[in-house]
Amino acid sequence: MHIVHVLVHVKPEAVQAFQMSSAENARHSVQEPGIARFDVIQQQSDPTRFVLVEVYRTADDPARHKETEHYAVWRDAVAPMMAEPRTSILYRNVYPDEDRWG
């Protein structure tokens, strides 16, 4: 699995619009064959902060995701909503990992 956490900080007045745009993107994203999971989570102590938890089946699938129409629509819609540029952190799966642990 190829796991990406996208950290997003939106402008306070854009929280609801960001939620709606991101939920729509997630609905389409989970239909992609290369995506195992796609969550949009919001920080409770600061509702302007979100994390997109994206779990891809292979390392090539994030690039495929970024070629989809729904990603482009989301990217363009949320760009003016950002309080700061979004960042991402890459992770690898430790458990469960049947190939690694037998």
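The values are calculated or read from the model by the stated rules, or taken from the named source; none is laboratory data. Computed from a prediction, not measured in an experiment: that's the story for all the values here. With ideal geometry, Cβ positions are generated from the backbone for all residues, glycine too; neighbour counts draw on all protein chains shown.
Given (1) over 11 Å from the mean Cα position of the chain (by Cα); (2) at pLDDT 95 or above, identify the lone condition not met by PHE38.
(1)
Would you mind telling me which numbered condition in (1) small (Gly, Ala, Ser); (2) loosely packed, with under 12 Cβ neighbours inside 10 Å; (3) within 15 Å of GLU24 (Cα to Cα) ALA63 fails?
(3)
Name the strands (runs of 3 or more DSSP E) wholly inside region 1-88 in which the number of residues that are in contact (Cβ under 8 Å) with a residue 40 or more places away in the chain is 2 or more.
Answer list for region 1-88: 2-9, 49-56.
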